[in-house]
Amino acid sequence: MSARAGWPLYEVFVRGKRGLNHVHVGSLHAPDDEMAVHAARDVYTRRNEGVSIWVVRADAITASSPDEKDPMFAPSGDKVYRHPTFYDIPADVPHI
Amino acid sequence: MPAPPLDPVVDEARLQELFDATVAAERRIEPRDWMPEGYRRTLVRQIAQHAHSEIIGMQPEGDWLLRAPSLRRKAVLLAKVQDEAGHGMYLYSAAETLGADRTDLTDRLIDGRQKYSSIFNYPTLTFADVGVIGWLVDGAAICNQVPLCRSSYGPYARAMIRVCKEESFHQRQGYELLLTMMGGTDEQRAMVQDAVDRWWWPSLMMFGPPDTDSPNSAQSMAWGIKRHSNDELRQRFVDMTVPQAEFLGVRLPDPDLALDPETGRHRFGPIDWDELKRVISGDGPCNAERIARRRAARDDNAWALEAASAYAQKHGARS
């Protein structure tokens, strides 16, 4: 039985540079939040891939289920008028 | 009124259809999607074996960390060996999205229930081996891994993209090391040639058995978790490597190696498949040593994990 058994799983998010969102890069196990950040630095940012790291315990994430994909995202499916390409504008109108 | 979710038992045929359609459309399967049990099992084995190879792969080169000829070479080698550990971590992380447990996977490696690449069971006799591993072994790994960036399983494909970016540094540092040695003394050039002689054939074996003896390939190709046949990848590697060897000024140890003017590809001599079988089944030059070292790392360093757990407990209790 390894001493690491029971360490929670953390999902790791890295901000590549200022002005960008944090993006999910992978996961790791750590005994606590602080050590998770340190481990994430070693595993996921060996080449200046980031300026900021978030770690979140995987069991703290609430997700939509893929099984519910259709009903969950259906309400936006038939609202094409939310996209700019829905509208016909004559080609010679400038700056629109 | 939302439709109820599909039931994995009642609606299996429908779920299989959705899965097949996703793979056929070159979209990715993600962790919580339904997937055939064989797909999950095969992927866990493939990803675990890949992860184990990265971890065991630290050993042959790690042997030279304390004997590197300069501080520059030592820093480079240290960074490379650290990368291999990182690659192992990305891959274990991907395997865990399929329900595997990494502590259990490590135990399976140490117990011999799961395998790793045959190439790491050969010894590194001189510092030229460090260069040849970067050039040939990492070069072969790149041939294998680039197509896996398009694996149908999302987490594996994403891990491969990270790995491939870093492998490029590995191959270039190796080739540069060899160029430097080839510009040195006769003795250094002889060391490079000797290392090439020893690593060439095992590098070709890295691509696995010939297509005629690779029974699971067809299913893996259909699932999109294998993209090209073993022989096709091996051929690409040979074609890529021959001009690099010429530039370097080394001889590849195969009298049958020749360019076929009709196909533009290289013919090469027969591979000793018995040797590959022997090494895979545990009878290579360093199998026992590699596993013993991995076992010692697990057991002798257990105290560090225990200390981290104790610290977390104490720290958590105080705050």
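Numerical summary
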quantity: Scope segment B:211-226; condition in contact (Cβ under 8 Å) with a residue 40 or more places away in the chain and over 16 Å from B:Arg150 (Cα atoms); matching residues; calculated: B:Asp213, B:Asn216, B:Gln219
quantity: Looking only at segment B:259-269, and only at residues there that are open to solvent by 70 Å² or more (accessible area, probe 1.4 Å) and free of Cβ contacts under 8 Å to residues at least 12 places away in the same chain, the one that is nearest to B:Asp194 (Cα to Cα); calculated: B:Arg267
quantity: Residue under evaluation B:Ile225, criteria (1) open to solvent by 20 Å² or more (accessible area, probe 1.4 Å); (2) outside any helix (DSSP H, G or I); (3) of a type in the set (Val, Ile, Thr), criterion not met; calculated: (1)
quantity: Of residues in segment B:275-319 being among the polar types (S, T, N, Q) and closer than 20 Å to B:Met206 by Cα, the one surrounded by the most Cβ atoms within 10 Å (Cβ to Cβ); calculated: B:Asn287
quantity: Residues satisfying the stated conditions in segment B:242-253, i.e. open to solvent by 40 Å² or more (accessible area, probe 1.4 Å) and among the small types (Gly, Ala, Ser); calculated: B:Gly249
quantity: Residue check, B:Arg251 within 14 Å of chain A (Cβ to nearest Cβ) and outside any strand (DSSP E or B); calculated: no
quantity: Answer from B:Asp272, B:Asp256, B:Asp239, B:Asp231 - the residue that is open to solvent by 40 Å² or more (accessible area, probe 1.4 Å), over 25 Å from B:Tyr39 (Cα atoms), acidic (Asp, Glu) and touching a residue at least 24 places away in the same chain (Cβ under 8 Å); calculated: B:Asp272
quantity: Residue list for segment A:35-65, restricted to those being more than 10 Å from every other protein chain (Cβ to nearest Cβ) and acidic (Asp, Glu); calculated: A:Asp59
quantity: Filter pass, B:Glu84 being within 23 Å of A:Trp7 (Cβ to Cβ) and in contact with a Gly (Cβ under 7 Å, 6 or more places away or on another chain); calculated: yes
quantity: Qualifying residue in segment B:158-170 (condition: modelled with pLDDT of 95 or more and among the aromatic types (Phe, Trp, Tyr)); calculated: no
quantity: Yes/no for B:Arg72 being without any contact (Cβ under 8 Å) to a residue 60 or more places away in the chain, more than 14 Å from every other protein chain (Cβ to nearest Cβ) and of a type outside the set (A, V, I, L, M, F, W, C); calculated: yes
quantity: Filter result (closer than 30 Å to B:Glu26 by Cα, open to solvent by 20 Å² or more (accessible area, probe 1.4 Å), out of contact with any Gly (no Cβ under 6 Å at 6 or more places or on another chain) and not small (Gly, Ala, Ser)) within segment B:149-176; calculated: B:Cys149, B:Arg150, B:Arg158, B:Ile161, B:Arg162, B:Cys164, B:Lys165, B:Phe169
quantity: Qualifying residues in segment A:1-34 (those that are out of contact with any helix residue (DSSP H, G or I) (no Cβ under 7 Å at 6 or more places or on another chain) and charged (D, E, K, R)) - the one farthest from the other protein chains (Cβ to nearest Cβ); calculated: A:Arg18
quantity: The listed residue being at negative phi, in contact with a Pro (Cβ under 9 Å, 6 or more places away or on another chain) and not hydroxyl-bearing (Ser, Thr, Tyr), out of B:Pro69, B:Pro8, B:Pro60; calculated: B:Pro60
quantity: Enumerated helices (runs of 4 or more DSSP H) restricted to segment B:91-165, each holding at least 3 residues that are within 14 Å of chain A (Cβ to nearest Cβ); calculated: B:102-111
quantity: Subset of segment B:177-204 [touching a Pro at 6+ places or on another chain (Cβ under 6 Å) and either open to solvent by 40 Å² or more (accessible area, probe 1.4 Å) or over 19 Å from B:Leu125 (Cα atoms) (or both)]; calculated: B:Asp197
quantity: Residues of segment B:205-222 satisfying the condition of being assigned to a loop (DSSP other than H, G, I, E, B) and open to solvent by 40 Å² or more (accessible area, probe 1.4 Å); calculated: B:Pro209, B:Pro215, B:Asn216
quantity: So B:Leu78, is it within 14 Å of chain A (Cβ to nearest Cβ) and either open to solvent by 30 Å² or more (accessible area, probe 1.4 Å) or more than 20 Å from B:Val279 (Cα to Cα) (or both); calculated: yes
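The values are calculated or read from the model by the stated rules, or taken from the named source; none is laboratory data. Please read all numbers here as calculations on a predicted model, not as lab measurements. Here Cβ is always computed from backbone atoms with ideal geometry, including for glycine, and neighbour counts include all displayed protein chains. When the accessible area is computed, the model is the full protein with side chains, heavy atoms only, and any ligands, DNA or RNA have been set aside. Shrake-Rupley method; radii C 1.70, N 1.55, O 1.52, S 1.80 Å.
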